[in-house]
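The values are calculated or read from the model by the stated rules, or taken from the named source; none is laboratory data. Remember, it's a predicted structure, so these values are computed and weren't measured experimentally. Counting neighbours? That spans all protein chains shown, and the Cβs are built from the backbone with ideal geometry, glycine included.
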Amino acid sequence: MSDVIQAQPLNPYTLPLYQRRLIEASAGTGKTYTIGLLYLRLLLGLGGESAFYRPLSVEEILVVTFTDAATDELRARIRKNIHELRLACIRHDVESSDNAYHELLKQIPNKELAAQWLLEAERQMDEAAIYTIHGFCQRMLANNAFESGVLFEQVLIQDEYELKKRVCADFWRRHCYPLSYDVANAVSQIWSGPEQLLYEIQPYLQGEMPEIEGVALDSENESVKERHQAVIEAINKVKARWHEHHHEVEAWITASGVDKRSYSSRFLPKWIEEITLWASTLETKSYQLPDCLVRFSQETLNEKATKGPAPEHILFVEIERLTKQSLTLRDVILANAIPEIRQGIENEKMRRGEMGFDDLLTRLDRALKRESGEALAQAIRERYPVAMIDEFQDTDPQQYRIFDAIYGEYENSGLLFIGDPKQAIYAFRGADIFTYIQARKQTSHHYTLNTNWRSAPGMVNAVNKLFMCSKAPFLFEHIPFIEVSSAEKNQDMAFIYHDEPISPFNFWLAEGESVSTGNYEQIMAAQCAAQIRDWLSAGDQQQAWLIEQGARKAVTSADIMVLVRSRREAILIRDALNLLSIQSVFLSNRESVFETNEAKDLLWLLQAVVTPEKERVLRASLASRLFGFSARQIDDLNRNEADWNSYVEKFADYYVLWQKRGVLPMLRKIMMDNQIAENLLASIDGERRLTDIMHIGELLQETSLQLDSEHALIRWLAQQISHPDAQSESQQMRLESDRNLVRICTIHKSKGLEYPIVCLPFACNYQEQRGALYHDREKFHAKLDIFSRPESLRLADEERLAEDLRLLYVALTRSKFCCYVGVAPLVKGTKRKSGLTDLHKNALGYLLQQGEEGDSELLHQSIHALLDDNIRVTTLDNISAHRYQPQLMAETKLEAAIFKRQIHDNWRITSYSGLTYQHSNRNYHFDLGDIEALVQSIAPGLDTDAKGEKQQGEVDENSIHHFPRGAVAGTFLHSLLEVLDFSQPIDELWIQGQLTAQGFDEKWAPLLVTWMETLFHTPLNSQGLCLADIPKSQQLDELQFYLPIEKEVSSAQLTQLISQFDPLSKRCPTLQFQQVEGMLKGFIDLVFSWEGKYYVVDYKSNWLGESSEDYTQEAMMNAMMDHRYDLQYQLYTLALHRFLQQRIPDYDYRTHFGGIYYLFLRGIDKEHPGNGVYAYLLDEAFVLALDSLFTGKSSKSDVVGEK
């Protein structure tokens, strides 16, 4: 009696959300939708007695899936569900027809509180615990570093190949280099070097290490030398025995009862002579035995003795022992290499503080097994009380152990495994269906989703019927096929072709007693292309329709998907479609761009660019598919030295461009010069090839930034071609076109997707099992038989067939309306005389023939037994080959649109310098030596204080008037005044340090001290106000401001306003700037408060003359007009006015604003009072008018009139 636990139908509203539970969701049954509902229940604590014991936040619900794309999809779906349910709670009703929200609303007692809780959840969705398995492990290790025992800082490496290669080479050096010549030669017969060894053992260097079978009990302790000696002795023993009795062998066999047809007089002497020649070799250096030696083993002779007793002799017994003995060093070396290299890789990563993606799982698994593992598990449980593991069928032993150790059977936590074992198709990525089977056996509560929401009813029924005709449709009893029903909404789905409905499931049957693989592929590719042509033609003529939920649409290329297993099959379909003028595109995530021919062409090209003088290299590049030179063109080049030299020079120029600008610009130059893109696009599959070339070019450019030479980049490209990594996201081939084309896709990539019409032309293809990696059927442990013994191969092939069955299930369930499947009495290799086929070895044949071996008649009987309204068969005869002629659309005349509207681009951030830029450059003429003035003219923001003031050479006089001039000096003086305390003595040593730091001579320190003290203590007005009298608390340095200009202001408006109110501005020329709207920014050097009034201070380092007498009021006014400082202090006044309005209650301009002081630093002198100080107070009416102009609220005249 079977011990398989039967699953019960899942009700997502009453499913208990605690303890361990397994949900099996067949294809199209709404797995992601169900996860979304369960997530909402966990958030709100819904479900009555089945609910979790408290509501959870989004940070407490762990959702784990296996790809980044799946996490993004889940996060988006859950966010959308939360938002829609929140709106339903607010409105107390559901706008959509989704019954799920109606059911949930019934269970929510307080909808206002639920809406608030859902709003918080929606806001926190970016912190939701929705991770990939690697992301989850990485976070747990980082957040629990003490408990897990890992370093706080670890470097995560994506590609471990170089590290593995280094460790493997080290193993090779330590174990193989010291060997004698004979032993090393025997090893080289197995692997030519460490890279070949790595290629064989690489699958076993990560994840769970399989148990190695076929290794002698003492192999791990037996040295390579000892094994070699034992093999040589065994061979020499047989040689010696044969040499002793070889002249008697023929007589013994002739006189015996063995079948003389097997040992005829024609072949027997030749075999004896061949073995005698081998045995006469004095020194045995090779393990290779003569092929005919096995014919003289005692066991073989006994089998052939059909007419009497077989000859018996110790020679034949020893030959039998030798032929059954392991004459190899493979097991001895592998038994040591796999664990030693694994450990070496682990040690190297620990030493370098690195981790690979698989190490994340390994180290968390290891941490949970430590003494502190329970504390770590409890910490994770407390953080994530409930976990939902999506796509659980793709788990592996480590992943399962991790979640089993964390959640186990704890009552106060929940662990939901969600997946479909029938869709476990990623064994090549490490997924282990036997781990799923083990978890299924250890989980008591099983549920299933049994309504298909994707496909038409006939499609669902046909798949049910096909898989239910076998008692073990997936070979293993723990992977049952559960019949599903079609959703009510899909009852009217149909594919109408020439007014007749098409059966959902269709066989293309190739006639004949047996069909070879090559013929099968050619027939089915041609039939598939012809059928697609007919559909597209009918769709163009409105004779092919897809009907769904009352709506219908004509069939187009985008509705058709051809599913294949490999790129080779995709090329067959693409070529067949091209012959009929049908365009297609291939989708795959299992192909690396470095596996293409374009990668090799680019390698030859780069080599030719680096060494164009090497004729062979350059000739190979020109003959590649990039340039496409024919043999005649190459020969003509060889004969014409001038033309050849021109190519050598051209490639040398490309190398210079590579060195100057990079590899990608160089490649683009080559493509332009030689019309490579145009030539490719004119050829079949040119778009695909061009996409690959540009993809590889981008990868080369990115990698070149990390390498030190062009030769290193060529080596890197050669390594990628030798060892492409299809799992690397950057290497996966890109989609060459997103046009409305027929799509060709691998079955692996199609998982989780759906297509209206699916073609599976090569459903009978399969790959025979080669390696003997299989699982123990009792404990489910992985085992590796390195000698590929028959029983091991049988079990491994059984697992291969089981995965092929799951692949077939995935392929068939992608279809919404109908699918077409190619089938034939397939025979691998040569045609069998018996008439039996190999069809039962592939998934489709296994289901049709129920695993029985048979001939073409059995295939016909099996198919006809399935036929009904949903399943039809078409026997292929003559396949029409006329081309597809798409319906011509009326040619649309294309012309550029005329831009008619006006672009308002006046909004910007400007400044005083921006408004006065045209004025400051109006009449400047520069000589070649006046560099500083030129730079300042084109960059007005540097320093307006010293613009155009050229220093006339060095002057030794030690006075403030001879202190260095220019932008640098002005900036330096400003920086001092920002820091110095006006009321405190000045430290001369500190001044010296500042001078040195800014590149000035220390001799100026005493002068600066005197200068600054004079500035601080010189009265600024008639009341005797000095800077030194102002408390530090009443000062604000470098006040930054932004003045909004809310309505466009023109230069004419601003000129008119400031000329009306400010006499100084009236004497200045008209401002010239582009209309401006936006923000005006600036910095005020100093704002201070004195006796209740606030003042603006601006420092000017302008040089007006050789003494303080040159800094009179008139001279300063001329300088103010020349640099338009009038506009500057007007803007500063407005900025401080607005600032004070916001800060001072009952602010009044006349009461609180004291005015502006422009301090010309070089002119301030106690002996000349008033010189160097320009003071002014703007009229209040002007400030208000300027404020109104910038806000755009009222006109200037209105404001003035009111005042």
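Brief remarks follow.
- Looking only at segment 167-181, and only at residues there that are assigned to a helix (DSSP H, G or I) and loosely packed, with under 15 Cβ neighbours inside 10 Å, the one that is farthest from the chain's Cα centre (by Cα): TYR181
- Checking each residue in segment 860-885 for being surrounded by 12 or more Cβ atoms within 10 Å (Cβ to Cβ) and touching a helix residue (DSSP H, G or I) at 6+ places or on another chain (Cβ under 6 Å) picks out SER862, ASN870, ILE871, VAL873, LEU876, ILE879, TYR884.
- Candidates PHE434, PHE428 - the one that is of a type in the set (Phe, Trp, Tyr), in the same structural domain as PHE52 (by TED's automatic domain parsing), farther than 30 Å from ALA145 by Cα and surrounded by fewer than 18 Cβ atoms within 10 Å (Cβ to Cβ): PHE428
- Beta carbons closer than 8 Å, at least 6 apart along the sequence or on distinct chains, pair a first residue in segment 1157-1173 that is at positive phi with a second that is crowded, with 19+ Cβ neighbours inside 10 Å and assigned to a strand (DSSP E or B) for GLY1172/LEU1159; GLY1172/PHE1160.
Here's the yes/no breakdown for (1) hydrophobic (A, V, I, L, M, F, W, C); (2) not in a helix (DSSP H, G or I):
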{"position": "ALA439", "(1), (2)": "yes, no"}
{"position": "TYR447", "(1), (2)": "no, yes"}
{"position": "MET459", "(1), (2)": "yes, no"}
{"position": "ASN464", "(1), (2)": "no, no"}
{"position": "LYS471", "(1), (2)": "no, yes"}
{"position": "PHE476", "(1), (2)": "yes, yes"}
{"position": "LEU509", "(1), (2)": "yes, yes"}
{"position": "GLU513", "(1), (2)": "no, yes"}
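- Looking at ARG54, ARG21, just one residue is modelled with pLDDT of 90 or more and within 30 Å of THR435 (Cβ to Cβ), and that residue is ARG21.
- Hits in segment 49-70 (condition: loosely packed, with under 15 Cβ neighbours inside 10 Å, of a type outside the set (Ser, Thr, Tyr) and out of contact with any Asp or Glu (no Cβ under 7 Å at 6 or more places or on another chain)): GLU49, ARG54, ASP68, ALA69
- Verdict on ILE314 being of a type in the set (A, V, I, L, M), within 17 Å of LYS239 (Cβ to Cβ), buried (at least 18 other Cβ atoms within 10 Å of the Cβ) and touching a residue at least 24 places away in the same chain (Cβ under 8 Å): no
- Hey, ARG661 touching a His at 6+ places or on another chain (Cβ under 7 Å), surrounded by fewer than 16 Cβ atoms within 10 Å (Cβ to Cβ) and not small (Gly, Ala, Ser) or not: no
- Matching option when the condition is under 60 Å from the mean Cα position of the chain (by Cα) and surrounded by 13 or more Cβ atoms within 10 Å (Cβ to Cβ), among PRO1006, PRO1019, PRO1044: PRO1044
- Filter result for ASP499 (on the phi > 0 side of the Ramachandran plot and surrounded by fewer than 18 Cβ atoms within 10 Å (Cβ to Cβ)): yes
- Residues being touching a residue at least 24 places away in the same chain (Cβ under 8 Å), over 41 Å from the mean Cα position of the chain (by Cα), assigned to a loop (DSSP other than H, G, I, E, B) and closer than 23 Å to GLY518 by Cα - total across segment 830-865: 5
- The condition of being touching a Ser or Thr at 6+ places or on another chain (Cβ under 7 Å) and assigned by TED's automatic domain parsing to the domain that holds TRP508 holds for only one of LEU826, LEU795, that being LEU826.
- If only residues of segment 20-48 that are in contact with a Ser or Thr (Cβ under 8 Å, 6 or more places away or on another chain) and not in a loop (DSSP other than H, G, I, E, B) are counted, the one that is nearest to SER815 (Cα to Cα) is ALA25.
- Subset of segment 703-747 that is closer than 26 Å to VAL609 by Cα and small (Gly, Ala, Ser) - its residue that is farthest from the chain's Cα centre (by Cα): SER709
- Condition check for SER413 on (1) of a type in the set (Ser, Thr, Tyr); (2) out of contact with any Asp or Glu (no Cβ under 8 Å at 6 or more places or on another chain); (3) closer than 30 Å to CYS528 by Cα: one failure, at (3).
- Identity of the residue in segment 748-795, among the acidic types (Asp, Glu) and part of a loop (DSSP other than H, G, I, E, B), that ends up nearest to the chain's Cα centre (by Cα): GLU754
- Taken over segment 74-111, the criterion of being under 21 Å from ALA487 (Cβ atoms) and free of Cβ contacts under 8 Å to residues at least 60 places away in the same chain is satisfied by ARG77, LYS80, ASN81, GLU84, VAL94, SER96, SER97, ASP98, ASN99, TYR101, HIS102.
- Exactly one residue out of PHE417, PHE428 is modelled with pLDDT under 85, within 30 Å of the chain's Cα centre (by Cα) and among the aromatic types (Phe, Trp, Tyr): that is PHE428.
- Residue in segment 106-120 that is under 25 Å from the mean Cα position of the chain (by Cα), of a type outside the set (A, V, I, L, M) and in a loop (DSSP other than H, G, I, E, B) present: no
- Inter-residue pairs, beta-carbon under 7 Å, first more than 20 Å from MET672 (Cβ to Cβ) and in segment 626-654, second outside any helix (DSSP H, G or I), 6+ apart: ILE634/ALA623
- Per-region count, segment 537-566, residues under 29 Å from the mean Cα position of the chain (by Cα), in a helix (DSSP H, G or I) and buried (at least 18 other Cβ atoms within 10 Å of the Cβ): 2
- Matching option when the condition is closer than 30 Å to PRO55 by Cα, without any contact (Cβ under 8 Å) to a residue 40 or more places away in the chain and either among the β-branched types (Val, Ile, Thr) or not in a helix (DSSP H, G or I) (or both), among ILE402, ILE406, ILE418: ILE406
- Considering the conditions (1) in contact with a helix residue (DSSP H, G or I) (Cβ under 9 Å, 6 or more places away or on another chain); (2) among the acidic types (Asp, Glu); (3) modelled with pLDDT under 90, ASP1037 is excluded by exactly one of them, (3).
- 3 or more residues among the basic types (Lys, Arg): qualifying helices (runs of 4 or more DSSP H) within segment 964-1055: none
- Subset of segment 706-763 that is among the basic types (Lys, Arg) and out of contact with any strand residue (DSSP E or B) (no Cβ under 8 Å at 6 or more places or on another chain) - its residue that is farthest from TRP453 (Cα to Cα): ARG715
- Enumeration of residues in segment 1146-1193 that are part of a helix (DSSP H, G or I), surrounded by fewer than 17 Cβ atoms within 10 Å (Cβ to Cβ) and in contact with a Phe, Trp or Tyr (Cβ under 7 Å, 6 or more places away or on another chain): GLU1180
- Out of ARG383, ARG351, ARG342, sole residue that is more than 30 Å from ALA7 (Cβ to Cβ), surrounded by fewer than 23 Cβ atoms within 10 Å (Cβ to Cβ), in contact with a strand residue (DSSP E or B) (Cβ under 9 Å, 6 or more places away or on another chain) and not hydroxyl-bearing (Ser, Thr, Tyr): ARG383
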